[in-house]
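The values are calculated or read from the model by the stated rules, or taken from the named source; none is laboratory data. Just so it is clear, the structure is predicted and the values come from calculations on it, not from any experiment. Reconstructed Cβ throughout: ideal geometry from the backbone, glycine too, with neighbour counts over all protein chains shown.
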Amino acid sequence: MQKFIYQKSSFLLAIGSVALLASCSDSYFEDINKDPNRPVNATTTTILLNAEKQAIDNIRNENSSLRGTQLFAQYYSQNIYSDQSRYDIPRSYSDTYWSNAYKALNNLNEIIILNTDPAKKDVAAAGVAGTNANHIAIARILKAYVFQNLTDVFGDVPYQSYGNPDPEFQALQQAPENLSPAYASQQKIYQDILNELKAAGDTLIKYKTATTFGNYDVIYKGKNELWAKFANSLRLRIATRIRTKLPAESNAHFEDALAKGVFTSNADNAVFKYQALAPNEAPLYRATVTANRKDFAVSHVLINALKGQIGTVKVQDPRLPIYATKNAAGEYVGQPYGLPVAAAGLLTATDVSLPGAAVNAASYGEVLQEYAEVAFLISEYKNWDQQEYIKGVTASLQKWGVAQADITTYLAALPKADKANVLNQKYLALYTQGDEAWSEIRRTGYPTFLVKPGDVVWSRTANGATTDYKFQPLFGEGVPLRLYYPPKEQSVNLANYQNAVKAQGNDDITTSLWWNK
(Lines give C-alpha, C1' and ligand atoms only; values in the text may rest on other atoms or scores of the structure.)
Protein backbone atom coordinates (compact mmCIF):
# COMPACT_ATOMS: atom_id res chain seq x y z
CA MET A 1 0.00 0.00 0.00
CA GLN A 2 1.35 3.38 -1.00
CA LYS A 3 2.38 5.94 1.60
CA PHE A 4 1.12 9.47 1.08
CA ILE A 5 2.62 12.66 2.43
CA TYR A 6 1.03 16.00 3.15
CA GLN A 7 0.94 18.52 0.32
CA LYS A 8 -0.64 21.96 0.42
CA SER A 9 -3.16 22.75 -2.28
CA SER A 10 -4.34 25.88 -4.00
CA PHE A 11 -7.49 25.50 -1.94
CA LEU A 12 -5.62 27.01 0.99
CA LEU A 13 -5.27 30.31 -0.80
CA ALA A 14 -8.83 30.44 -2.11
CA ILE A 15 -10.55 29.29 1.07
CA GLY A 16 -8.28 31.50 3.10
CA SER A 17 -9.28 34.54 1.08
CA VAL A 18 -12.91 34.03 2.08
CA ALA A 19 -12.90 32.37 5.50
CA LEU A 20 -9.93 34.27 6.85
CA LEU A 21 -10.06 37.59 5.04
CA ALA A 22 -10.84 39.55 8.17
CA SER A 23 -8.08 38.02 10.26
CA CYS A 24 -5.28 36.82 8.00
CA SER A 25 -1.93 38.58 7.85
CA ASP A 26 0.79 39.01 5.26
CA SER A 27 2.70 36.20 6.92
CA TYR A 28 -0.25 33.86 6.34
CA PHE A 29 -0.18 34.50 2.59
CA GLU A 30 3.57 34.10 2.57
CA ASP A 31 3.15 30.73 4.25
CA ILE A 32 0.58 29.35 1.82
CA ASN A 33 2.61 30.45 -1.19
CA LYS A 34 5.69 28.47 -0.26
CA ASP A 35 6.64 25.48 -2.38
CA PRO A 36 3.70 23.07 -1.89
CA ASN A 37 5.89 20.05 -2.47
CA ARG A 38 8.36 20.94 0.30
CA PRO A 39 6.35 21.90 3.37
CA VAL A 40 8.54 22.85 6.31
CA ASN A 41 6.92 22.42 9.72
CA ALA A 42 3.42 22.41 8.24
CA THR A 43 0.93 23.75 10.75
CA THR A 44 -1.92 21.60 11.96
CA THR A 45 -4.39 24.25 10.79
CA THR A 46 -3.32 24.03 7.16
CA ILE A 47 -3.13 20.23 7.34
CA LEU A 48 -6.69 20.12 8.67
CA LEU A 49 -7.98 22.42 5.94
CA ASN A 50 -6.30 20.35 3.26
CA ALA A 51 -7.51 17.06 4.73
CA GLU A 52 -11.14 18.19 4.91
CA LYS A 53 -11.12 19.14 1.24
CA GLN A 54 -9.30 15.96 0.23
CA ALA A 55 -11.86 13.84 2.04
CA ILE A 56 -14.96 15.54 0.61
CA ASP A 57 -13.51 15.95 -2.87
CA ASN A 58 -12.88 12.23 -2.93
CA ILE A 59 -16.25 11.05 -1.63
CA ARG A 60 -18.18 13.38 -3.95
CA ASN A 61 -15.87 13.45 -6.97
CA GLU A 62 -17.05 12.84 -10.53
CA ASN A 63 -16.12 9.18 -10.72
CA SER A 64 -17.06 7.87 -7.29
CA SER A 65 -20.19 10.03 -6.94
CA LEU A 66 -21.53 11.29 -10.27
CA ARG A 67 -20.56 8.08 -12.11
CA GLY A 68 -20.94 5.89 -9.05
CA THR A 69 -23.10 6.32 -5.98
CA GLN A 70 -25.46 8.93 -7.46
CA LEU A 71 -26.19 6.41 -10.22
CA PHE A 72 -26.45 3.46 -7.83
CA ALA A 73 -29.03 5.45 -5.81
CA GLN A 74 -30.78 6.30 -9.11
CA TYR A 75 -30.79 10.02 -8.38
CA TYR A 76 -29.11 10.62 -11.73
CA SER A 77 -29.08 8.81 -15.04
CA GLN A 78 -26.77 9.04 -18.04
CA ASN A 79 -28.17 10.31 -21.33
CA ILE A 80 -25.20 9.53 -23.56
CA TYR A 81 -22.93 6.86 -22.10
CA SER A 82 -25.05 4.59 -19.94
CA ASP A 83 -22.52 1.89 -19.03
CA GLN A 84 -22.05 3.01 -15.41
CA SER A 85 -25.84 3.22 -14.98
CA ARG A 86 -25.83 -0.46 -15.87
CA TYR A 87 -22.98 -1.24 -13.47
CA ASP A 88 -20.04 -1.52 -15.84
CA ILE A 89 -17.72 0.16 -13.35
CA PRO A 90 -14.11 0.86 -14.41
CA ARG A 91 -11.68 -0.54 -11.85
CA SER A 92 -9.64 2.65 -12.14
CA TYR A 93 -12.38 4.35 -10.12
CA SER A 94 -11.43 2.15 -7.18
CA ASP A 95 -7.77 3.07 -7.52
CA THR A 96 -8.51 6.79 -7.38
CA TYR A 97 -10.99 6.56 -4.51
CA TRP A 98 -8.72 4.32 -2.43
CA SER A 99 -5.59 6.42 -2.98
CA ASN A 100 -7.26 9.73 -2.21
CA ALA A 101 -8.99 8.36 0.89
CA TYR A 102 -5.65 7.27 2.34
CA LYS A 103 -4.08 10.62 1.44
CA ALA A 104 -6.70 12.35 3.55
CA LEU A 105 -6.31 9.78 6.33
CA ASN A 106 -2.54 10.23 6.40
CA ASN A 107 -2.96 13.98 6.76
CA LEU A 108 -5.47 13.56 9.57
CA ASN A 109 -3.14 11.11 11.27
CA GLU A 110 -0.31 13.61 10.91
CA ILE A 111 -2.32 16.02 13.06
CA ILE A 112 -2.47 13.37 15.77
CA ILE A 113 1.25 12.64 15.46
CA LEU A 114 2.16 16.32 15.78
CA ASN A 115 -0.06 16.65 18.84
CA THR A 116 1.41 13.62 20.60
CA ASP A 117 5.11 14.21 19.82
CA PRO A 118 6.65 15.81 22.93
CA ALA A 119 8.99 17.83 20.73
CA LYS A 120 6.22 19.23 18.52
CA LYS A 121 2.96 19.31 20.43
CA ASP A 122 3.54 22.76 21.93
CA VAL A 123 4.02 24.20 18.46
CA ALA A 124 0.98 22.30 17.17
CA ALA A 125 -1.24 23.97 19.76
CA ALA A 126 0.15 27.46 19.28
CA GLY A 127 -1.82 30.51 18.14
CA VAL A 128 -5.47 30.01 17.12
CA ALA A 129 -5.13 26.26 16.78
CA GLY A 130 -6.46 25.18 20.18
CA THR A 131 -5.32 22.45 22.55
CA ASN A 132 -3.62 19.17 21.70
CA ALA A 133 -6.50 17.10 23.07
CA ASN A 134 -9.07 18.90 20.94
CA HIS A 135 -6.90 18.64 17.81
CA ILE A 136 -6.70 14.91 18.31
CA ALA A 137 -10.43 14.58 18.95
CA ILE A 138 -11.44 16.36 15.73
CA ALA A 139 -8.90 14.39 13.70
CA ARG A 140 -10.32 11.16 15.15
CA ILE A 141 -13.85 12.15 14.13
CA LEU A 142 -12.83 12.92 10.56
CA LYS A 143 -10.79 9.73 10.36
CA ALA A 144 -13.83 7.77 11.52
CA TYR A 145 -15.94 9.47 8.85
CA VAL A 146 -13.46 8.68 6.06
CA PHE A 147 -12.91 5.09 7.21
CA GLN A 148 -16.67 4.55 7.46
CA ASN A 149 -17.10 5.64 3.84
CA LEU A 150 -14.10 3.58 2.77
CA THR A 151 -15.32 0.36 4.37
CA ASP A 152 -18.85 0.93 3.05
CA VAL A 153 -17.40 0.98 -0.47
CA PHE A 154 -15.05 -2.01 -0.24
CA GLY A 155 -15.68 -3.94 2.98
CA ASP A 156 -12.49 -5.11 4.69
CA VAL A 157 -9.73 -2.50 4.30
CA PRO A 158 -6.45 -1.54 5.99
CA TYR A 159 -7.46 0.37 9.11
CA GLN A 160 -5.80 2.40 11.84
CA SER A 161 -7.06 3.42 15.27
CA TYR A 162 -5.83 6.03 17.73
CA GLY A 163 -7.24 4.29 20.77
CA ASN A 164 -6.94 0.61 19.89
CA PRO A 165 -3.57 -1.14 19.39
CA ASP A 166 -5.15 -4.18 17.71
CA PRO A 167 -2.35 -5.85 15.67
CA GLU A 168 -4.70 -6.14 12.68
CA PHE A 169 -4.93 -2.34 12.48
CA GLN A 170 -1.87 -1.71 10.30
CA ALA A 171 -2.75 1.21 8.02
CA LEU A 172 -0.91 4.57 8.14
CA GLN A 173 2.11 3.11 9.91
CA GLN A 174 5.27 5.20 9.54
CA ALA A 175 7.76 4.03 12.15
CA PRO A 176 8.63 1.71 10.58
CA GLU A 177 6.75 2.39 7.37
CA ASN A 178 4.35 -0.41 6.37
CA LEU A 179 3.72 -0.61 2.64
CA SER A 180 1.73 -3.85 2.82
CA PRO A 181 -0.73 -3.54 5.71
CA ALA A 182 -3.20 -6.25 6.57
CA TYR A 183 -6.90 -5.69 5.93
CA ALA A 184 -9.03 -5.43 9.06
CA SER A 185 -12.47 -7.02 9.10
CA GLN A 186 -15.40 -4.69 8.60
CA GLN A 187 -16.86 -5.83 11.90
CA LYS A 188 -13.74 -4.72 13.79
CA ILE A 189 -13.63 -1.46 11.84
CA TYR A 190 -17.23 -0.60 12.63
CA GLN A 191 -16.85 -1.47 16.30
CA ASP A 192 -13.71 0.61 16.62
CA ILE A 193 -15.17 3.58 14.73
CA LEU A 194 -18.00 3.69 17.24
CA ASN A 195 -15.51 3.72 20.12
CA GLU A 196 -13.35 6.36 18.42
CA LEU A 197 -16.35 8.63 17.94
CA LYS A 198 -17.47 8.12 21.52
CA ALA A 199 -14.05 8.95 22.95
CA ALA A 200 -13.57 11.98 20.69
CA GLY A 201 -17.06 13.28 21.38
CA ASP A 202 -16.57 12.89 25.13
CA THR A 203 -13.37 14.92 24.93
CA LEU A 204 -14.99 17.75 23.02
CA ILE A 205 -17.99 17.86 25.32
CA LYS A 206 -15.61 18.63 28.19
CA TYR A 207 -14.44 21.70 26.28
CA LYS A 208 -17.62 22.46 24.37
CA THR A 209 -17.23 26.24 24.56
CA ALA A 210 -13.69 26.11 23.14
CA THR A 211 -12.66 26.76 19.55
CA THR A 212 -10.26 24.47 17.72
CA PHE A 213 -8.54 25.26 14.38
CA GLY A 214 -10.62 28.44 14.03
CA ASN A 215 -11.64 29.43 10.51
CA TYR A 216 -9.26 26.90 9.02
CA ASP A 217 -12.00 24.39 9.85
CA VAL A 218 -14.42 24.85 6.95
CA ILE A 219 -17.04 22.48 8.40
CA TYR A 220 -17.68 24.02 11.84
CA LYS A 221 -15.33 26.99 12.15
CA GLY A 222 -13.72 25.21 15.08
CA LYS A 223 -16.77 24.97 17.33
CA ASN A 224 -16.16 22.06 19.67
CA GLU A 225 -19.78 21.66 20.68
CA LEU A 226 -20.85 21.11 17.07
CA TRP A 227 -18.04 18.62 16.49
CA ALA A 228 -19.22 16.67 19.55
CA LYS A 229 -22.77 16.60 18.17
CA PHE A 230 -21.42 15.39 14.83
CA ALA A 231 -19.50 12.57 16.53
CA ASN A 232 -22.62 11.42 18.35
CA SER A 233 -24.85 11.78 15.28
CA LEU A 234 -22.44 9.65 13.26
CA ARG A 235 -22.72 7.04 15.98
CA LEU A 236 -26.46 6.90 15.32
CA ARG A 237 -25.78 6.20 11.64
CA ILE A 238 -23.19 3.54 12.30
CA ALA A 239 -25.06 1.90 15.17
CA THR A 240 -28.12 1.62 12.92
CA ARG A 241 -26.04 0.01 10.18
CA ILE A 242 -24.92 -2.82 12.45
CA ARG A 243 -28.13 -3.34 14.43
CA THR A 244 -28.97 -6.69 12.87
CA LYS A 245 -25.43 -7.95 13.45
CA LEU A 246 -24.65 -6.57 16.90
CA PRO A 247 -27.95 -5.45 18.43
CA ALA A 248 -26.77 -4.98 22.02
CA GLU A 249 -23.69 -2.97 21.03
CA SER A 250 -25.74 -0.97 18.54
CA ASN A 251 -28.38 -0.05 21.10
CA ALA A 252 -25.82 0.87 23.76
CA HIS A 253 -24.08 3.34 21.43
CA PHE A 254 -27.37 4.72 20.17
CA GLU A 255 -28.65 5.43 23.67
CA ASP A 256 -25.33 6.89 24.82
CA ALA A 257 -25.13 9.18 21.79
CA LEU A 258 -28.69 10.42 22.32
CA ALA A 259 -27.98 11.12 25.97
CA LYS A 260 -24.84 13.14 25.17
CA GLY A 261 -26.33 15.22 22.37
CA VAL A 262 -26.96 14.81 18.64
CA PHE A 263 -28.15 17.18 15.91
CA THR A 264 -31.38 18.96 16.83
CA SER A 265 -31.71 21.43 13.93
CA ASN A 266 -30.19 22.30 10.56
CA ALA A 267 -27.86 24.68 12.38
CA ASP A 268 -25.95 21.58 13.50
CA ASN A 269 -25.47 20.12 10.00
CA ALA A 270 -21.93 19.06 9.05
CA VAL A 271 -21.32 20.83 5.73
CA PHE A 272 -18.20 21.51 3.69
CA LYS A 273 -18.98 24.62 1.66
CA TYR A 274 -17.08 25.19 -1.57
CA GLN A 275 -16.36 28.49 -3.31
CA ALA A 276 -17.53 30.27 -6.43
CA LEU A 277 -13.86 30.79 -7.32
CA ALA A 278 -11.76 28.55 -9.55
CA PRO A 279 -10.35 26.01 -8.90
CA ASN A 280 -12.29 25.38 -5.70
CA GLU A 281 -15.83 24.99 -6.97
CA ALA A 282 -18.02 22.12 -5.82
CA PRO A 283 -17.44 18.71 -7.44
CA LEU A 284 -20.73 18.59 -9.38
CA TYR A 285 -20.16 22.10 -10.74
CA ARG A 286 -16.66 21.17 -11.88
CA ALA A 287 -18.01 18.08 -13.64
CA THR A 288 -20.99 19.68 -15.36
CA VAL A 289 -20.23 23.39 -15.80
CA THR A 290 -16.45 23.70 -15.81
CA ALA A 291 -16.14 20.58 -17.97
CA ASN A 292 -19.32 21.53 -19.88
CA ARG A 293 -20.84 18.06 -19.50
CA LYS A 294 -24.59 17.69 -20.00
CA ASP A 295 -24.75 13.90 -20.09
CA PHE A 296 -25.99 13.46 -16.52
CA ALA A 297 -29.62 14.28 -15.86
CA VAL A 298 -31.98 13.73 -12.96
CA SER A 299 -33.41 10.22 -13.29
CA HIS A 300 -37.01 9.47 -14.14
CA VAL A 301 -37.17 7.58 -10.84
CA LEU A 302 -36.51 10.67 -8.72
CA ILE A 303 -38.56 13.01 -10.91
CA ASN A 304 -41.58 10.71 -10.84
CA ALA A 305 -41.30 10.28 -7.07
CA LEU A 306 -41.15 14.05 -6.59
CA LYS A 307 -44.18 14.47 -8.85
CA GLY A 308 -46.12 12.06 -6.63
CA GLN A 309 -46.50 9.53 -9.45
CA ILE A 310 -44.64 6.76 -7.63
CA GLY A 311 -43.99 6.16 -3.96
CA THR A 312 -46.34 6.76 -1.06
CA VAL A 313 -46.87 10.53 -1.30
CA LYS A 314 -49.38 11.42 -4.01
CA VAL A 315 -48.81 15.17 -4.27
CA GLN A 316 -45.98 17.11 -5.87
CA ASP A 317 -42.97 17.52 -3.64
CA PRO A 318 -41.96 21.20 -3.18
CA ARG A 319 -38.32 20.13 -3.54
CA LEU A 320 -38.90 19.26 -7.22
CA PRO A 321 -37.99 22.73 -8.63
CA ILE A 322 -34.95 22.81 -6.34
CA TYR A 323 -33.65 19.35 -7.12
CA ALA A 324 -34.17 19.65 -10.88
CA THR A 325 -34.62 22.12 -13.73
CA LYS A 326 -37.37 22.13 -16.33
CA ASN A 327 -36.52 20.93 -19.82
CA ALA A 328 -36.70 23.14 -22.92
CA ALA A 329 -40.45 22.54 -23.13
CA GLY A 330 -40.95 23.85 -19.60
CA GLU A 331 -41.62 20.47 -18.01
CA TYR A 332 -39.95 18.24 -15.44
CA VAL A 333 -38.91 15.11 -17.32
CA GLY A 334 -36.54 12.55 -15.87
CA GLN A 335 -33.94 10.76 -17.94
CA PRO A 336 -34.94 7.07 -18.18
CA TYR A 337 -32.57 5.18 -15.94
CA GLY A 338 -30.12 2.67 -17.36
CA LEU A 339 -31.02 2.69 -21.05
CA PRO A 340 -28.94 0.59 -23.44
CA VAL A 341 -26.23 2.64 -25.14
CA ALA A 342 -28.08 2.61 -28.46
CA ALA A 343 -31.04 4.37 -26.86
CA ALA A 344 -29.30 6.52 -24.27
CA GLY A 345 -28.64 9.40 -26.66
CA LEU A 346 -32.12 9.56 -28.14
CA LEU A 347 -33.07 12.08 -25.48
CA THR A 348 -30.86 15.17 -25.48
CA ALA A 349 -30.01 17.40 -22.55
CA THR A 350 -32.77 19.80 -23.60
CA ASP A 351 -35.38 17.03 -23.44
CA VAL A 352 -34.82 16.13 -19.79
CA SER A 353 -34.33 17.76 -16.40
CA LEU A 354 -30.79 18.56 -15.28
CA PRO A 355 -29.73 19.12 -11.64
CA GLY A 356 -31.24 22.26 -10.14
CA ALA A 357 -29.35 25.55 -9.84
CA ALA A 358 -28.97 25.28 -6.04
CA VAL A 359 -27.64 21.74 -6.30
CA ASN A 360 -25.27 22.61 -9.11
CA ALA A 361 -23.93 25.84 -7.64
CA ALA A 362 -20.20 26.47 -7.62
CA SER A 363 -20.38 27.29 -3.91
CA TYR A 364 -22.55 24.31 -3.00
CA GLY A 365 -22.09 22.91 0.49
CA GLU A 366 -21.52 19.16 0.43
CA VAL A 367 -23.21 17.51 3.40
CA LEU A 368 -21.38 15.02 5.58
CA GLN A 369 -24.46 14.52 7.76
CA GLU A 370 -27.58 16.55 8.47
CA TYR A 371 -30.38 16.81 11.01
CA ALA A 372 -33.00 15.27 8.71
CA GLU A 373 -31.04 12.01 8.61
CA VAL A 374 -30.68 12.03 12.40
CA ALA A 375 -34.44 12.46 12.86
CA PHE A 376 -35.14 9.56 10.50
CA LEU A 377 -32.63 7.39 12.36
CA ILE A 378 -34.35 8.15 15.65
CA SER A 379 -37.75 7.45 14.10
CA GLU A 380 -36.52 4.04 12.99
CA TYR A 381 -34.99 3.32 16.40
CA LYS A 382 -38.30 4.16 18.06
CA ASN A 383 -40.21 1.77 15.79
CA TRP A 384 -41.04 4.35 13.13
CA ASP A 385 -41.94 7.22 15.42
CA GLN A 386 -44.35 9.70 13.87
CA GLN A 387 -42.97 12.82 15.54
CA GLU A 388 -39.38 12.19 14.49
CA TYR A 389 -40.57 11.32 10.97
CA ILE A 390 -42.28 14.72 10.69
CA LYS A 391 -39.19 16.42 12.10
CA GLY A 392 -37.04 14.75 9.45
CA VAL A 393 -39.26 15.75 6.54
CA THR A 394 -39.60 19.29 7.88
CA ALA A 395 -35.84 19.64 8.34
CA SER A 396 -35.17 18.56 4.77
CA LEU A 397 -37.73 20.98 3.34
CA GLN A 398 -36.39 23.84 5.47
CA LYS A 399 -32.81 23.08 4.51
CA TRP A 400 -33.68 23.51 0.84
CA GLY A 401 -35.50 26.80 1.48
CA VAL A 402 -39.06 25.63 0.89
CA ALA A 403 -41.65 28.26 1.92
CA GLN A 404 -43.50 27.56 5.16
CA ALA A 405 -46.91 27.47 3.44
CA ASP A 406 -45.64 24.76 1.08
CA ILE A 407 -44.14 22.85 3.99
CA THR A 408 -47.49 22.86 5.76
CA THR A 409 -49.31 21.65 2.64
CA TYR A 410 -46.82 18.86 2.02
CA LEU A 411 -46.83 17.66 5.63
CA ALA A 412 -50.62 17.44 5.50
CA ALA A 413 -50.36 15.05 2.57
CA LEU A 414 -47.82 12.73 4.21
CA PRO A 415 -48.99 9.21 5.05
CA LYS A 416 -48.36 8.06 8.61
CA ALA A 417 -44.95 6.86 9.66
CA ASP A 418 -44.07 3.27 8.90
CA LYS A 419 -41.01 1.57 7.47
CA ALA A 420 -41.75 2.40 3.83
CA ASN A 421 -42.81 5.99 4.43
CA VAL A 422 -39.90 6.90 6.70
CA LEU A 423 -37.30 5.29 4.45
CA ASN A 424 -38.82 6.80 1.31
CA GLN A 425 -38.57 10.25 2.84
CA LYS A 426 -35.04 9.54 4.00
CA TYR A 427 -34.15 8.65 0.40
CA LEU A 428 -35.57 11.94 -0.86
CA ALA A 429 -33.73 13.89 1.85
CA LEU A 430 -30.37 12.25 1.07
CA TYR A 431 -30.34 13.64 -2.49
CA THR A 432 -26.77 14.68 -3.42
CA GLN A 433 -25.42 12.36 -0.68
CA GLY A 434 -25.15 9.37 -2.97
CA ASP A 435 -22.66 7.56 -0.73
CA GLU A 436 -25.07 7.37 2.21
CA ALA A 437 -28.15 6.79 0.04
CA TRP A 438 -26.42 3.82 -1.62
CA SER A 439 -25.57 2.33 1.76
CA GLU A 440 -29.14 2.74 2.98
CA ILE A 441 -30.53 1.11 -0.17
CA ARG A 442 -28.23 -1.85 0.42
CA ARG A 443 -29.14 -2.02 4.11
CA THR A 444 -32.92 -1.65 3.86
CA GLY A 445 -34.00 -2.47 0.31
CA TYR A 446 -35.92 0.83 0.25
CA PRO A 447 -37.30 2.63 -1.60
CA THR A 448 -38.99 -0.22 -3.45
CA PHE A 449 -39.82 2.00 -6.42
CA LEU A 450 -36.22 1.94 -7.67
CA VAL A 451 -35.70 0.37 -11.08
CA LYS A 452 -34.99 -3.36 -11.06
CA PRO A 453 -33.61 -5.64 -13.79
CA GLY A 454 -36.26 -6.31 -16.40
CA ASP A 455 -38.31 -3.20 -15.62
CA VAL A 456 -39.45 -1.13 -18.59
CA VAL A 457 -37.84 2.28 -18.11
CA TRP A 458 -38.99 3.96 -21.32
CA SER A 459 -41.51 3.37 -24.08
CA ARG A 460 -40.70 5.25 -27.27
CA THR A 461 -42.97 5.63 -30.25
CA ALA A 462 -41.36 6.46 -33.60
CA ASN A 463 -42.71 6.00 -37.11
CA GLY A 464 -45.85 4.40 -35.72
CA ALA A 465 -43.94 1.72 -33.78
CA THR A 466 -43.48 1.55 -30.02
CA THR A 467 -40.32 0.17 -28.47
CA ASP A 468 -40.08 -0.76 -24.79
CA TYR A 469 -36.63 -0.37 -23.28
CA LYS A 470 -35.88 -2.48 -20.25
CA PHE A 471 -33.21 -2.07 -17.61
CA GLN A 472 -30.61 -4.78 -18.05
CA PRO A 473 -27.44 -4.52 -15.96
CA LEU A 474 -24.21 -5.35 -17.74
CA PHE A 475 -22.82 -6.81 -14.51
CA GLY A 476 -24.56 -8.16 -11.46
CA GLU A 477 -28.26 -8.55 -10.87
CA GLY A 478 -29.12 -5.25 -9.24
CA VAL A 479 -27.63 -2.38 -7.27
CA PRO A 480 -23.91 -3.08 -6.68
CA LEU A 481 -23.19 -4.29 -3.17
CA ARG A 482 -19.60 -3.00 -3.13
CA LEU A 483 -16.84 -1.91 -5.52
CA TYR A 484 -13.84 -3.90 -6.67
CA TYR A 485 -10.62 -3.54 -4.74
CA PRO A 486 -8.04 -1.38 -6.54
CA PRO A 487 -6.09 -3.45 -9.07
CA LYS A 488 -2.81 -2.06 -7.74
CA GLU A 489 -3.44 -3.82 -4.42
CA GLN A 490 -2.87 -7.10 -6.24
CA SER A 491 0.56 -5.83 -7.24
CA VAL A 492 1.80 -4.19 -4.05
CA ASN A 493 -0.14 -6.03 -1.34
CA LEU A 494 -1.10 -9.36 -2.90
CA ALA A 495 -1.00 -11.62 0.15
CA ASN A 496 -3.20 -9.35 2.24
CA TYR A 497 -5.52 -8.76 -0.70
CA GLN A 498 -5.93 -12.51 -1.09
CA ASN A 499 -6.59 -12.92 2.62
CA ALA A 500 -9.28 -10.27 2.46
CA VAL A 501 -10.98 -11.92 -0.51
CA LYS A 502 -10.83 -15.28 1.25
CA ALA A 503 -12.43 -13.82 4.38
CA GLN A 504 -15.01 -11.59 2.72
CA GLY A 505 -15.89 -13.26 -0.56
CA ASN A 506 -15.14 -12.76 -4.22
CA ASP A 507 -13.75 -9.39 -5.27
CA ASP A 508 -16.95 -8.61 -7.09
CA ILE A 509 -19.79 -6.07 -7.02
CA THR A 510 -22.23 -8.85 -6.05
CA THR A 511 -20.46 -9.73 -2.77
CA SER A 512 -22.31 -8.47 0.29
CA LEU A 513 -20.50 -6.54 2.99
CA TRP A 514 -20.44 -7.89 6.55
CA TRP A 515 -23.23 -5.62 7.79
CA ASN A 516 -25.37 -6.54 4.79
CA LYS A 517 -25.09 -10.33 4.90
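Say whether the condition of being within 22 Å of V367 (Cα to Cα) and within 19 Å of the chain's Cα centre (by Cα) is met by at least one residue in the range 243-261.
no
Kindly list the number of the only condition in (1) of a type outside the set (S, T, Y); (2) surrounded by fewer than 18 Cβ atoms within 10 Å (Cβ to Cβ); (3) out of contact with any Leu (no Cβ under 8 Å at 6 or more places or on another chain) that fails for I390.
Every condition holds for I390 apart from (3).
So, in the range 339-387, of the ones that are among the small types (G, A, S) and more than 26 Å from the chain's Cα centre (by Cα), which residue ends up surrounded by the most Cβ atoms within 10 Å (Cβ to Cβ)? Step through it out loud before you land on a result.
As a first pass, look at the range 339-387 and keep what is among the small types (G, A, S): 342-345, 349, 353, 356-358, 361-363, 365, 372, 375, 379.
Checking the rest, the ones that are also more than 26 Å from the chain's Cα centre (by Cα) come to 342-345, 349.
Working: A342: 9, A343: 16, A344: 22, G345: 14, A349: 17.
My answer is A344.
For every residue, the table says whether it meets (1) assigned by TED's automatic domain parsing to the domain that holds S363; (2) within 25 Å of A495 (Cβ to Cβ); (3) of a type outside the set (A, V, I, L, M); (4) under 24 Å from the mean Cα position of the chain (by Cα).
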{"residue": "Q148", "(1), (2), (3), (4)": "no, no, yes, yes"}
{"residue": "F154", "(1), (2), (3), (4)": "no, yes, yes, yes"}
{"residue": "Q173", "(1), (2), (3), (4)": "no, yes, yes, no"}
{"residue": "I205", "(1), (2), (3), (4)": "no, no, no, no"}
{"residue": "K223", "(1), (2), (3), (4)": "no, no, yes, yes"}
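(1) free of Cβ contacts under 8 Å to residues at least 60 places away in the same chain; (2) farther than 19 Å from S439 by Cα: which one isn't true of G222, the others all being true?
G222 satisfies every listed condition except (1).
Assess whether Q7 counts as being out of contact with any Ser or Thr (no Cβ under 6 Å at 6 or more places or on another chain), at pLDDT below 95 and either surrounded by 24 or more Cβ atoms within 10 Å (Cβ to Cβ) or within 19 Å of N106 (Cα to Cα) (or both).
So Q7 passes the test.
Would you call G330 modelled with pLDDT of 95 or more and not assigned by TED's automatic domain parsing to the domain that holds K223?
Values: modelled with pLDDT of 95 or more: yes; not assigned by TED's automatic domain parsing to the domain that holds K223: yes.
Answer is yes for this residue.
What are the residues in the range 410-464 that are exposed (fewer than 14 other Cβ atoms within 10 Å of the Cβ) and among the hydroxyl-bearing types (S, T, Y), if any?
T448, S459, T461
Among the residues of the range 400-409, write down those that are surrounded by fewer than 17 Cβ atoms within 10 Å (Cβ to Cβ) and among the aliphatic types (A, V, I, L, M).
Listed by number, the residues that qualify are A403, A405, I407.
Which pairs turn up if I take residues in the range 244-258 that are outside the structural domain of Y381 (by TED's automatic domain parsing) and buried (at least 16 other Cβ atoms within 10 Å of the Cβ) and look for partners that are among the charged types (D, E, K, R) and outside any loop (DSSP other than H, G, I, E, B) with beta carbon separation below 6 Å, at least 6 apart in sequence or on another chain?
H253/R235; A257/R235
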